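Enquirer: One structure, pasted below without further comment.
The values are calculated or read from the model by the stated rules, or taken from the named source; none is laboratory data. Given the structure is predicted, the values throughout are model-derived calculations rather than measurements. Heads up, the Cβs are rebuilt from the backbone with ideal geometry, glycines too, and the neighbour counts pull from every protein chain shown.
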Amino acid sequence: MSLNVRFFASPTITWYMARMFLIRSFAVLAGLVLILQTLDLLGESGDILAYPGNGDAQLWTYVSLRVPQIVARFLPFAVLLGSLITLATLNQNSEIISMKAAGVSAHQILAPLIVASVLVAAAAFWFNDRVVTRATGTLTAWQNASYGPVPPDRGVASNVWVRDGDDLIHADTAGGRGKATVLNGVTLYDRRGGALQSIVSGAQARQAGDGWVIENATGFDVTRGAKRVLPRFTFGRGITPDRFTLANVDADDKSFGALRIAIGDLKAAGRPTGELEAGLWHKLSGSLSALLMPLLAGVAAFGLARSGHLFIRAVIGMALGFTYFVVDNFALAMGNLGAYPPLLAAWAPPLLFLLIGETVLIRTEE
C-alpha cells in the first residue's frame, strides 16, 4: 500500500475546482460591491449634492473612489462565501464522495482552492497597495473639504511633538521646507531624570546653525517659581526640520513602502508608532487572510449530504470565518491602543485560526 503524498490530486481536478472557486468568489464579490455601493451612495449623495455645483459627475467620482475601498474590505468575505458555495455544491453533487473513493485526501481536495487563494491574496495586496491607498487619500481630502474643491496641501503640520533626549518640544504649527521651516507657538519642556525643570515658550522659532532659536522667549523655572525673559534662546541642537514638519500619518492612505519610511521618520522624531506598525503588518496579514478561508470553509466539504447535516456544516464554516474577522478586528484595535505589540496584533489571529482550521479538518475527516 503506497502513501499518497502528492499535493494535487490531478491537473484536471485542480483546474476544475480552482476555476469553480474563483468564478463563485468573484461573483459574490461583484454582488456585494453592487449592493453595498448602492446603499453607501444613497447615504452620501445628499452631502455630495449639497455643495453648490456638484452633480452626476461628482457622484460618479465618489463611486470610483469608494468602490476600491469596498472591494478591499469585503474581498475576504467573498472568498469565504465562494469557498462555502464551491465545497457545498461539490458535496451536494457527490463529487467529494467520488474523489474520496478515488483515494484523494481532504487536504488534496482543498489544495486547488488554497493555491487559487494565493493568487487572490497577491492580487489583493497589489490592489490595496497601488489603488486603495490612493483612492482613500483622495476621498479623505475631498470629504474634509465637504465635497468641494480640495485645497492644495501646503505641508503645514499642526500640534507637533518632538522629543530631544529627556526634553519635549511642542509647536502649534510647523511649516516650510528645509532651512525655511518656521515653528509657531513653540514650547520647550526641559526635563532631567523625568522631572520637569523649566518651561520656555515663544511665538516663533527658526533654524540657526545646528539648532533652533526663539527670539524674546519667556522662561519659567519650575523649582524656583521664577519667570524671566530670554532675548535669544537656542534649543534642539541636531534636530532636523523634517522631524517637525512630518504630517499626521494614516496607514490606510499610504502604500507599504511609504508607510515604512514614515514610521522610520516618526521613530527618529521620537513620536509613537505602535498604531502605524500594527497597520503596516496588517497590510500583509489582511491580504493573506484569503488563504485561510478555504480551510475554514472546509468543514462544509465533508460528511454525507444526505445526512441532512450539510447546511449545519456550512453554517459552522461561515461562523468560523466570521469569527476570524471579529478576532482580527479586535486584535488590530488592541494594537492601535498599545495593549498588544504590533506583530502580535497583526499575525496572532491568522496563526490562531490556521491551527483551528487544521484541527477541525483533521478531526472531522483525516
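Enquirer: Which condition does Asn329 not pass, out of (1) crowded, with 18+ Cβ neighbours inside 10 Å; (2) in a helix (DSSP H, G or I), if it passes all the others?
Expert: Of the numbered conditions (1) crowded, with 18+ Cβ neighbours inside 10 Å; (2) in a helix (DSSP H, G or I), the odd one out for Asn329 is (1).
Enquirer: Within the group Gly46, Gly82, which residue is without any contact (Cβ under 8 Å) to a residue 12 or more places away in the chain and either assigned by TED's automatic domain parsing to the domain that holds Thr133 or over 19 Å from Val120 (Cβ atoms) (or both)?
Expert: Of Gly46, Gly82, the one residue that is without any contact (Cβ under 8 Å) to a residue 12 or more places away in the chain and either assigned by TED's automatic domain parsing to the domain that holds Thr133 or over 19 Å from Val120 (Cβ atoms) (or both) is Gly46.
Enquirer: Looking at (1) surrounded by 13 or more Cβ atoms within 10 Å (Cβ to Cβ); (2) modelled with pLDDT of 85 or more; (3) not assigned by TED's automatic domain parsing to the domain that holds Leu196, which is the one condition that is false for Val222?
Expert: (3)
Enquirer: Among the candidates Val132, Val104, which residue alone is surrounded by 15 or more Cβ atoms within 10 Å (Cβ to Cβ) and part of a loop (DSSP other than H, G, I, E, B)?
Expert: Unique residue meeting the criteria: Val104.
Enquirer: Anything in the stretch 20-33 that is over 12 Å from Phe77 (Cβ atoms) and under 23 Å from the mean Cα position of the chain (by Cα)? List them, or say none.
Expert: Within the stretch 20-33, Phe26, Ala30 qualify.
Enquirer: Also, I was wondering about something else. Between a residue in the stretch 330-344 that is in contact (Cβ under 8 Å) with a residue 12 or more places away in the chain and any residue that is outside any helix (DSSP H, G or I) and of a type in the set (Val, Ile, Thr), which pairs come within a Cβ distance under 9 Å, given they are 6 or more apart or on different chains?
Expert: Listed by first residue and then by second, the contacts come to Pro342/Thr273.
Enquirer: Among the helices (runs of 4 or more DSSP H) lying completely within the stretch 237-325, list those that include at least 3 residues that are at pLDDT 85 or above and at negative phi.
Expert: 256-268, 274-297
Enquirer: Related question: Can you find a residue that is more than 22 Å from Ala319 (Cα to Cα), of a type in the set (S, T, N, Q) and without any contact (Cβ under 8 Å) to a residue 40 or more places away in the chain anywhere in the stretch 106-124?
Expert: For the stretch 106-124, residues more than 22 Å from Ala319 (Cα to Cα), of a type in the set (S, T, N, Q) and without any contact (Cβ under 8 Å) to a residue 40 or more places away in the chain: absent.
Enquirer: Let me ask something else about it. Being more than 15 Å from the chain's Cα centre (by Cα), surrounded by fewer than 19 Cβ atoms within 10 Å (Cβ to Cβ) and outside the structural domain of Arg237 (by TED's automatic domain parsing) narrows it down to one of Leu354, Leu284, so name that one.
Expert: Leu354
Enquirer: If Phe127 meets every condition in (1) outside the structural domain of Asn54 (by TED's automatic domain parsing); (2) surrounded by 13 or more Cβ atoms within 10 Å (Cβ to Cβ) apart from one, which number is that one?
Expert: Phe127 satisfies all of (1) outside the structural domain of Asn54 (by TED's automatic domain parsing); (2) surrounded by 13 or more Cβ atoms within 10 Å (Cβ to Cβ) except (1).
Enquirer: Additional query: Which of the residues belonging to the stretch 332-347 are under 13 Å from Leu288 (Cβ atoms) and out of contact with any His (no Cβ under 7 Å at 6 or more places or on another chain)?
Expert: Trp347
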